[in-house]
1. Would you mind ranking B:Leu81, B:Leu93 by Cβ crowding within 10 Å, fewest neighbours first?
2. What number, in percent, do you get for the relative contact order of segment B:107-240 if the mean sequence gap of Cα pairs under 8 Å and at least 6 apart is divided by its residue count?
3. Which helices count as membrane-span-like in chain B under these terms: full DSSP H, at least 24 Å along the axis by C-alpha, Kyte-Doolittle mean of -0.5 or more?
4. Give me the tail of P(r) for segment B:107-240 as a percent: Cα-Cα pairs with distance above 22 Å.
5. Which cysteines does chain B leave without a neighbouring Cys Cβ under 4.7 Å?
6. What value, in deg cm²/dmol to 500, does the helix sum -39500 (n - 2.57) over DSSP H runs of n ≥ 4 give at 222 nm once divided by the residues of chain A?
7. About the Cα centre of segment A:15-78, what is the dipole size in debye to 20, counting +1 per Lys and Arg Cβ and -1 per Asp and Glu Cβ, all else neutral?
8. Give, in whole angstrom and from largest to smallest, the semi-axes √(5λ) of the equivalent ellipsoid of the protein assembly as shown, with λ running over the eigenvalues of the Cα gyration tensor.
Amino acid sequence: MSRRPYVREIPKFRWFFRQPRYLRYMARELSCLFIGAYALMMVWGSKQLADGPATWGAFLERLHSPSSIAFHVLALGFALYHTITWFNLTPKALPVQVGGEFVPDGVIVGAHYVGWGLLSLAVLYFAGAF
Amino acid sequence: MSERVVELEVLRYNPETDSEPHFQRYSVSCEEEWVVLDALNKIKETIDPTLSYRWSCHMAVCGSCGMMVNGEPKLACKAFLRTFDGVIRVEPLAHFPIERDLVTVIDDFVMKLKRVKPYLIPKQDKPVSEGEYLQTPAELKKYKQYTLCINCMLCYAACPEYGLIPNYIGPAAIALAHRYNQDSRDGGRDERQEEIAATEGVWDCSFVGACSEVCPEHVDPAGAIQQVKIKSMVDWYKEHLMPWVKK
Ligand code: SF4
């Protein structure tokens, strides 16, 4: 009997269409592009602020354009998706064992949301929101 | 017991006569509570004795009957026919070469398992007369879940990284390495790190998480891999930024 194993090719670029879970993964990966773009915009914005009131005003003006608003809505959606999917994965990477038992997943995920909330409050506080 | 006719489309490949695999359709009368493996057995007994596939225990313990059922890696002995509508497509486990029909070549996985030394390497050898290596229930709990692996390779069939990067050591092998690393009686972590803290080890994983979703024993290999990443990163920082701290 002769052996002649058959190797099935994996499509190099279309593989993520084969399973919905692969698409969800790709969406999570894609989300970092929007977060990266938003971070770059913030850096650029700080530069405009440093350049004086006139450039800062022009920058704020540009943020009101329809394309800028569309970008912000998209970036917000992806940022939420990014945050929620990653937070949900944290118990896998950071299991906490107290005595004989593991802390329930919900507690670890919840702690991340609490941390997020506190940090956001701190940012708002230093920005003079209250 | 009610019976119904189930249609199965099975990927066939005969290395002696076929240049590539093709689907073959079987209609077989099955009982309501049967699993895909029962249907395959009935086909083999009553319709086509040439159909080849692996199986042994029929109770999700031996890990032999992993195959793609409607594109999803499953144990054929745990895939209930009543959970599928219409024609059921059965293919050999993805990402492994096909030996014949539903039988895959698993040498790659077996070699990788060997590389991670999935056995206890005691910290200090002691004579049998000194008794067992004792462990508390909490110490056992730390790695217990990873001992449940049945080497079924469903996680490899689900992992797109393994499909694209065949050298990647892969989920089950890393989960098993982690199982021994987490064991209070073991002292072999440095040897295993050589394999799993490398590029072809955990760093080829991008945390798709598919392995854990398909694992029939809830081993959660994806979790093990991320934990190994974190520990390896801590090792790196200790070595490069705090060389005076002993590991
Ligand atoms: S980790 Fe789960 S899916 Fe992977 S080989 Fe072990 S039991 Fe099978």
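Every number here is computed from the coordinates shown, using simple stated rules; none is lab data. Small disclaimer: the values here were computed from a predicted structure and weren't measured. In this analysis, Cβ positions are derived from the backbone assuming ideal geometry, glycine residues included, and neighbour counts consider all displayed protein chains.
1. If I rank by nearby Cβ atoms, fewest first, I get B:Leu81, B:Leu93.
2. The value is 31 percent.
3. Those that clear 24 Å and a mean of -0.5 are B:221-241.
4. For segment B:107-240, the share of Cα pairs beyond 22 Å comes to 36 percent.
5. B:Cys30, B:Cys65, B:Cys77, B:Cys149, B:Cys152, B:Cys159, B:Cys205, B:Cys215
6. -25000 deg cm²/dmol
7. 420 debye
8. Each semi-axis is the square root of five times an eigenvalue, giving 44, 32, 20 Å.
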